[in-house]
Amino acid sequence: MRTSSILAGLFLTAVTLGAVSAGTPASAQDRAARGKALAETWCVRCHAIGEPQPSALSDAPSFEALASQPGFGSKHLANVLVAPHPVMPEFPLTNDDLAALEAYMQSLTAAK
């Protein structure tokens, strides 16, 4: 049951990201700010989400390192969250949450 709902969520995420990418720059900034807030809530326990904060777990890559990987995007992010490594907990993220996290992560590499 979980797999089918996740796959449906991935499809909706792709559609949502396509729709929101046509938004205004302010809406992109709003999405990135919301993504940062989500990361501060759900991800900071293990991953560095900003500088100069180190990752809480030595083997957990920072958000910037993840976003800098070739091929990073909504599909990559969704795959990581669908098939997380054993230590990573399940998160109750919506499609909008995924889009916001992706916008935040992309903002980390866009500034460079």
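The values are calculated or read from the model by the stated rules, or taken from the named source; none is laboratory data. Keep in mind that what you see is a predicted model, and the values were worked out from it rather than measured. Quick reminder, even Gly has a Cβ in these numbers, built from the backbone with ideal geometry, and neighbours come from all protein chains shown. Ligands, DNA and RNA are stripped out before the accessible areas are found, and what is left, the full protein with its side chains, is counted by its heavy atoms. Shrake-Rupley method; radii C 1.70, N 1.55, O 1.52, S 1.80 Å.
Out of S68, S55, S74, one residue alone is within 17 Å of R34 (Cβ to Cβ) and open to solvent by 30 Å² or more (accessible area, probe 1.4 Å). It is S74. Summed over the stretch 51-65, the residues that are in contact with a Leu (Cβ under 8 Å, 6 or more places away or on another chain) and not aromatic (F, W, Y) give a count of 1. So is T3 among the hydroxyl-bearing types (S, T, Y), within 18 Å of T94 (Cα to Cα), open to solvent by 60 Å² or more (accessible area, probe 1.4 Å) and modelled with pLDDT under 85 or not? Yes; evaluated as a whole, the condition is true for this residue. Of the residues making up the stretch 91-107, those that are in contact with a helix residue (DSSP H, G or I) (Cβ under 8 Å, 6 or more places away or on another chain) and modelled with pLDDT under 85 number 2. Within the stretch 61-106, being farther than 16 Å from H47 by Cβ and β-branched (V, I, T) holds for V82, T94.
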